[in-house]
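The values are calculated or read from the model by the stated rules, or taken from the named source; none is laboratory data. Please read these numbers as outputs of a predicted model, since none were measured by experiment. Don't worry about glycine lacking a Cβ; one is built from the backbone with ideal geometry, like all the others, and counts go over all protein chains shown.
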Amino acid sequence: MRKLFLLLILLQVFFARGQKINDPKIFADLITPDKLKKQLYIIAGKDFEGRETGSEGQRKAAAYIENYFRSLKLQQGNKDSYQMRFPVYQDSLEVLNISIDNHHFNIYKDVDASLSANYTSLILGSEVVFAGYGISEGAHDDYKGLDVKGKIVMVLDGYQPDVLQDQLNKNSFNPYGKQGTAQMHGAIALLSIKKDFPHPESSRKSIMYLNPFKAVNYINTYYISEEIARSIMGKDYDTAKNGHVQPKSYNANIVLQFIKSIALLQSSNVMGYLEGTDLKDQLLIISAHYDHLGKKDSTIYYGADDDGSGTVSVLEIASAFAQAKAAGAGPRRSILFLAHSGEEEGLWGSQYYTASPPHPLANTTADLNIDMIGRIDPTRKRSDTANYIYVVGDNRLSSDLHPIIESTNKKFTQLKLDYKFNDPKDPERIFYRSDHYSFASKGVPVVFFYDGSNKDYHKPTDTPDKINYELLANRAKLVFYSAWEIANRDNMLARDIPLGD
Ligand SMILES: [Zn+2]
């Protein structure tokens, strides 16, 4: 209430000066360093535990953003919900077991396996076929004369020196690897002998992933120690290892057991919708990702700049537009305030949104995406100004956008607009590395606002005390003023490139 009351006094002052209600400066000035700071200490605080996709901390952050949108009286952005939920998956290793003739071998000491590449399976075999290095390429075939259909195949690690040289010369490695080669010959499982056992204990949880369905499933591969190889081949193993490879079949009663569970986790994008006036069927999106890296053991990765700074900017820009609307100066086009998750895992949230958009992309005039705008790139401290922002992608899909950003900035925010990451030859490929890219790849014009990297990037030390709040507020205002112009101008932004599918 207090905010609105103050706003009314403010408006009276402006009217007294003859200023118009549709002067964006009245509302841009509601975006203050103090408000952004207060929000960022919550978003990047201990309670949200680094906001890892699929985690409790991420869901708490989503609930906080949803409540904030609701307090601004924004409408639900995804039909009847503020959240667009999407599934993510994670594997956990339950059992990895090999025994040979009733002798059991221990995980990590003698056996290991890739969690993501293998599936739950139990095989009891009475024969193991040793297939040398397991290579079938051109004239060279380790499988020549062997029948491995339905059998367990065992191979040496690496390549024969002459075969390796030949492969390097031709630069033609079998893309399916030894696993695919064994499978093409009909094998049911692959044992790959490694000399680096024991392996360190590793996490029994995989990284998260978005799609559990594979067009091709390969046979399981078990990494085994030399001790296991000897228990199958006896002295033949040392002969083979020393260069006298003799493919051959061995009798052994072997148990191969791999069990994993797949957890279905949930993540979400949080979306608040501000309905426009006469052009309400057209939409402007203002986005940032609220997820970060979570915590490892008890260490929290706070993600204050990445991308707490963008998230709180979206919140306060939304607040400014909501107050403009309440004062009768709402935008002509509708605006969707879109907080993505899954960005750090590979732009999942924005891919999910653009794959099944609740608001048609054909009517979406642009996505203004903010990812890291609260700090100063250390390389700039030696250059002309720290009062800058990197602007990326503004000229790639619509020739209307670049002039709007330039003139808006000239009139209101006077930042140095630096386009170095918009160079198509940018070695860091920044244009492809945040959520706006999901929109750009569908033909929606985008602008990406970014501060460059810093020494705390993706470290637990990316904390809110290191943010320059004055600069953050000024950069957020640039996005606000640009959005004001884009949402109120007569025409949607021209599309130089037609909308993709
Ligand atoms: Zn980020």
Of those in the stretch 408-443 that are among the hydroxyl-bearing types (Ser, Thr, Tyr) and within 20 Å of TRP348 (Cα to Cα), the residue nearest to the ligand (Cβ to nearest atom) is SER434
Specify which of the listed residues (LYS296, LYS241) is of a type outside the set (Val, Ile, Thr), more than 23 Å from the chain's Cα centre (by Cα) and either within 16 Å of the ligand (Cβ to nearest atom) or on the phi < 0 side of the Ramachandran plot (or both). LYS241
Examine the stretch 283-293 for a residue that is of a type in the set (Val, Ile, Thr), within 22 Å of the chain's Cα centre (by Cα), away from the ligand (no atom under 16 Å from the Cβ) and surrounded by fewer than 24 Cβ atoms within 10 Å (Cβ to Cβ), and state whether such a residue exists. no
Does HIS199 satisfy being surrounded by fewer than 19 Cβ atoms within 10 Å (Cβ to Cβ), in the same structural domain as SER116 (by TED's automatic domain parsing) and in contact with an Asp or Glu (Cβ under 6 Å, 6 or more places away or on another chain)? yes
Go through the stretch 353-362 and give me each residue that's touching a residue at least 60 places away in the same chain (Cβ under 8 Å), in contact with a Ser or Thr (Cβ under 9 Å, 6 or more places away or on another chain) and surrounded by fewer than 24 Cβ atoms within 10 Å (Cβ to Cβ). THR354, HIS359, LEU361
Considering only the stretch 330-352, I want to know if a residue exists there that is under 26 Å from the mean Cα position of the chain (by Cα), surrounded by fewer than 24 Cβ atoms within 10 Å (Cβ to Cβ) and either more than 16 Å from the ligand (Cβ to nearest atom) or closer than 24 Å to LEU74 by Cα (or both). yes
Screening ASP418, ASP367, ASP426 for residues that are within 23 Å of ALA487 (Cβ to Cβ) and either over 21 Å from the mean Cα position of the chain (by Cα) or of a type in the set (D, E, K, R) (or both) leaves only ASP367
Which listed residue is more than 16 Å from the ligand (Cβ to nearest atom) and buried (at least 24 other Cβ atoms within 10 Å of the Cβ), from ILE373, ILE317: ILE317
Screening GLY57, GLY45 for residues that are at pLDDT 95 or above, of a type in the set (Gly, Ala, Ser) and more than 20 Å from LEU338 (Cα to Cα) leaves only GLY45
Pick from ASP418, ASP400: which is in contact with a Pro (Cβ under 9 Å, 6 or more places away or on another chain) and surrounded by 14 or more Cβ atoms within 10 Å (Cβ to Cβ)? ASP400
Pick out, from the stretch 70-138, the strands (runs of 3 or more DSSP E) lying fully within it that include 3 or more residues that are closer than 19 Å to SER203 by Cα. 83-100
Considering ALA304, ALA324, which residue is hydrophobic (A, V, I, L, M, F, W, C) and under 19 Å from the mean Cα position of the chain (by Cα)? ALA304
If the Cβ limit is 8 Å and pairs must be 6+ apart or interchain, which residue in the stretch 280-304 that is charged (D, E, K, R) pairs with which residue that is assigned to a strand (DSSP E or B)? LYS280/ARG333; LYS280/SER334; ASP281/SER334; ASP291/GLU52; ASP291/SER267; ASP291/HIS340; LYS295/GLU52
Regarding the stretch 479-493, can at least one residue be identified that is in contact with a helix residue (DSSP H, G or I) (Cβ under 7 Å, 6 or more places away or on another chain) and within 16 Å of the ligand (Cβ to nearest atom)? yes
List, please: which pairs have Cβ atoms under 7 Å, are six or more places apart or on different chains, and start with a residue in the stretch 186-204 that is more than 15 Å from TYR108 (Cβ to Cβ) and end with one that is in a loop (DSSP other than H, G, I, E, B) and hydrophobic (A, V, I, L, M, F, W, C)? GLY186/VAL148; ALA187/VAL148; ALA187/ILE219; ILE188/ILE219; ALA189/ILE219; LEU190/ILE219; ILE193/LEU156
